[in-house]
Structure formats: C-alpha cells, structure tokens
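Shown next, in structure tokens, is the structure this report addresses.
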Amino acid sequence: MDLLAKLEAIAQRHARMKALGGDAVGVVNEKILSPTRAIIDGRETILAGTNNYMGITFDAECIAAGQKALAEFGTGTTGSRIANGSYALHTELEREFARFLGRKHCIVFSTGYQANLGMMSGLAGPRDTIYLDADSHSSIYDGCTLSGAKLVRFRHNDAADLDKRLSRAEEDGGGKLVVLEGIYSMMGDRAPLADFIAVKKKHGFQLLVDEAHSFGVLGPHGRGLADEAGLEDDVDFVVGTFSKSVGAIGGFGAGDHPYFEYLRFAMRPYMFTASSSPASIATSIAAIRKLAAEPQRRRKLAENSARLFEGFKALGLELGCAEASPVVAVRCPDEPSTIAMWNALLKAGVYVNIALPPGTPNKLCLLRCSVSAAHSGADLDRIIELFGAVVAQGHGKKVVNG
Ligand code: PMP
C-alpha cells in the first residue's frame, strides 16, 4: 500500500481549485515592498491577509536590531536552550515580555504553534481534563493531543455550555484547564471573557487565553482581550505569538504561578527543538518596545478595522462577527464561488485569505481579511470598492469565472 495514496482526495481538490484560475493556497510573493504591498504574479498588490496588524515588519529600528544581532550572534542558535544554553537575547526577550504583560514569568518558544503545544502539554497530563472552545485553533487541539489529557469541547463562546459540562463532569482528582482565544482567527469575534470568568469562580478551573490575534491589538496596554476587559487577574496563563503584531516569528507563554519556570523541563516543544534565531529574537525585543511606546498604532488599527467593517456592512456582505475587529471575514456561498471571488480579487490587485472547510467553523467558506495599522484610508477604500465589484455580485449566487 502506497502511504501517500491517501492524499488522492487532497490532490483532486487542489486540481479543482487550480482549474478555477489560480492557486489560492500556493501564492508566491515575488517581492515584498512594504507591510501592505507585494508583487504577486508580476503585479503590485495590496496585502489584506497577512496578520501584520501593527505594520511593523519594515520598521527601521526593528530591522537595525535584527541586523545587529545577526552580526553579533550569528545566523542561528543551532540547538535547544536546555541542551545548548540560552543566548542573552532570549532572557532579555523574556524579561521584556514579562514586563509588558505585567506577569512574573514568560517563556519564549520558536513559534506560536509550539507555544500552544508546549503550554498545553506542560500544564495538563493524562490525569487532567482540557475544556476547549469548539472553534479553537489547530495548535490548541494539537497541544491537547500531545498532553494526553481528556478533551471536552464546549460550544463556541458559550459559557453556559461550559458550565453545564463542568457540572456534569465527575470529580476524578485531576486538574481542569479551560482554553479560550482573545480574538478568534477565522471569524474575528472575541471571547465573552467575563461570562467565562463567572463560570471559573463557580467551578474553580485554571484558565489559559491564547491572545495570538489580540496581543498588541486590544486593551489600554495592548496586552490583549483580558487587558481590554480589565480581567487579567482572573486569567492564569497567557499564550501569544510574535508572528502577528510583533512582526517576527516566535511565541510565548506567561503566568504568575510559582512553579511556572519548571514548565521549561516539562514541555517537549520547548526542550527538543532549536531556539529561534538571534535576528528574530532581537527584532521581537525592538518591536515590543515600539508597541509599548506607540499606542497610536493600536488606535490607528482600531480606526482602520472599523472603516473596513463598516464599508463591508454597507455593501450588504455577511460578516463573521457583529463588531469591528482586525479580522474581517466575509461569508461566501460555496467553495467554487469563494475560489472564483478570491481569484478575481487577486487579479484586481488585492490579496486576502481564502478559508475553506475543514479549516473553518461550521464548514463555512470565507474570504478573510486582516487589517493593518499601516493600511491607508485609500487602501481600505480600494479593498471595499473591489469587494463591492467582485464579491457583492458573487455573494449569494454562484460565480464560476471571476
Ligand atoms: N494561536 C492562534 C489562535 C493562531 O491563529 C495561530 C496562527 N495563526 C497560532 C496560535 C500559531 O502561531 P504561529 O503562526 O506564530 O506559529
């Protein structure tokens, strides 16, 4: 039996997608011109699907910090921190992030994906239960699998459903970890944190919030949803990534528990992989200082998010959530029309994400935009105009040739 024979269905689906005019999952940015512009298929394109929320990837100070670290510390760390030791940059980054987050401890990982794998598997083991929002990111599900903990899914953003499941659970002596996200990556909606914390007070679990899309974005200090809601004291652990508002690559887990530092010796995705490169770490340090010093970036992002959200609403598009968010998802009728609309948008000069089942909640077909503080008003108006031309026409009816 050919092990790869099971990929036949994927191959066929990919061929169907390409037959509609483009390869929506194989886009190549031939040149990146700025946080909001790239050359794709030889054309200058507005980037509206990059999670570059703060538009910080071409910041001169961040680039200089990365270049300096390359020159002083070399191209790579060539090993894990447990085996090879840390670089001074790693510990500086952890101190900076702990300070920014107002937490006692912070552990840095090579990616946000690994941060979730590490935190979930370090916090929970086979005797424990992890309660997951049904729309959780794949890295959270994978972390749960790695932990060996019992998995209980509750309905998306439904604190009453979590309450019911906790009330039904038999006491087995194990710990309970509940995992939420600040902003959900596909639909752009936020967790109703206060409702979940009321359930926490009733049942007494430990709470982890993945602020991947909300870190740097929400709250008076830019620390995420819990900061915005004024509920940080009720959140035990925070996870985040450097690949979005920080504009680099890496991830973190943070908390105040007195044993938190010992997680380093209990998390395989921390122990058995190389630590991230000096350039990436130094860039992240420079970026977090910027985010702390320049709250106007957050205000600009909120303003831009509202402009795109309202513009799409005025077009009568069905959106992923009811309030403005830097993630703006447009619901589309079916897979062929979503692909056709995506192709037409790219040809017209705007890149957005295509999101199809099984990677989406409720098997939805989505065109997902992410807004940046670096988008100009004219960029956003152009995106709205193109959605008006392409998507509003295809919305609700089949568009075969974009
Ligand atoms: N958590 C969430 C909610 C995410 O959306 C993502 C990535 N999109 C990650 C974690 C993983 O982050 P990274 O891409 O930096 O590995």
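The values are calculated or read from the model by the stated rules, or taken from the named source; none is laboratory data. Given the structure is predicted, the values throughout are model-derived calculations rather than measurements. Cβ atoms come from the backbone with ideal geometry, glycine included; neighbour counts cover every protein chain shown.
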Every listed condition ((1) over 12 Å from the mean Cα position of the chain (by Cα); (2) closer than 28 Å to ARG331 by Cβ) holds for GLY222 save (2)
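Before we move on, is ILE339 out of contact with any strand residue (DSSP E or B) (no Cβ under 9 Å at 6 or more places or on another chain) and β-branched (Val, Ile, Thr)?
Criteria not met by ILE339.
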Scanning the stretch 128-149 residue by residue, those part of a helix (DSSP H, G or I), of a type in the set (S, T, N, Q) and within 11 Å of the ligand (Cβ to nearest atom) turn out to be SER138, SER139
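The rows are residues; the columns are (1) β-branched (Val, Ile, Thr); (2) in contact with a strand residue (DSSP E or B) (Cβ under 9 Å, 6 or more places away or on another chain); (3) modelled with pLDDT of 95 or more; (4) within 28 Å of LYS363 (Cα to Cα).
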position: ASP161; (1), (2), (3), (4): no, yes, yes, yes
position: LYS164; (1), (2), (3), (4): no, yes, yes, yes
position: ALA169; (1), (2), (3), (4): no, yes, no, no
position: ASP172; (1), (2), (3), (4): no, yes, no, no
position: GLY175; (1), (2), (3), (4): no, yes, yes, no
position: TYR184; (1), (2), (3), (4): no, yes, yes, yes
position: ASP189; (1), (2), (3), (4): no, yes, yes, yes
position: ASP195; (1), (2), (3), (4): no, no, yes, yes
position: GLU211; (1), (2), (3), (4): no, yes, yes, yes
Within the stretch 79-127, of all residues that are among the polar types (S, T, N, Q) and surrounded by 21 or more Cβ atoms within 10 Å (Cβ to Cβ), the one farthest from the ligand (Cβ to nearest atom) is SER121
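Name the single residue that is farthest from the ligand (Cβ to nearest atom) among those in the stretch 36-69 being assigned to a loop (DSSP other than H, G, I, E, B) and acidic (Asp, Glu).
It comes out as ASP41.
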When every residue in the stretch 293-324 that is over 20 Å from the mean Cα position of the chain (by Cα) and of a type in the set (Gly, Ala, Ser) is compared, the one surrounded by the most Cβ atoms within 10 Å (Cβ to Cβ) is GLY311
Against the definition (surrounded by fewer than 18 Cβ atoms within 10 Å (Cβ to Cβ), part of a loop (DSSP other than H, G, I, E, B) and in contact (Cβ under 8 Å) with a residue 60 or more places away in the chain), how does GLY76 come out, yes or no? yes
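Please work out which residue is nearest to the ligand (Cβ to nearest atom), limiting yourself to the stretch 257-282 and to residues that are in contact with a Phe, Trp or Tyr (Cβ under 9 Å, 6 or more places away or on another chain) and assigned to a loop (DSSP other than H, G, I, E, B). It would help to see each step written out before you state the result.
First, pick out the residues of the stretch 257-282 that are in contact with a Phe, Trp or Tyr (Cβ under 9 Å, 6 or more places away or on another chain): 257, 260, 263-264, 267, 269-271, 273, 275-282.
With assigned to a loop (DSSP other than H, G, I, E, B) added as a condition, the list becomes 257, 267, 273, 275-277.
On the way: HIS257: 21, MET267: 15, THR273: 12, SER275: 15, SER276: 11, SER277: 14 Å.
My answer is SER276.
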Exception for LYS244 within (1) out of contact with any strand residue (DSSP E or B) (no Cβ under 7 Å at 6 or more places or on another chain); (2) over 30 Å from ALA389 (Cβ atoms) falls at (2)
When the stretch 1-26 is checked residue by residue, the ones that are over 21 Å from ALA355 (Cα atoms) and in a loop (DSSP other than H, G, I, E, B) are MET1, ASP2
Sole miss for ASN29 among (1) more than 26 Å from the chain's Cα centre (by Cα); (2) in a loop (DSSP other than H, G, I, E, B); (3) surrounded by 12 or more Cβ atoms within 10 Å (Cβ to Cβ) is condition (1)
Of ARG99, ARG81, ARG103, the only residue that is without any contact (Cβ under 8 Å) to a residue 40 or more places away in the chain and closer than 27 Å to VAL238 by Cα is ARG99
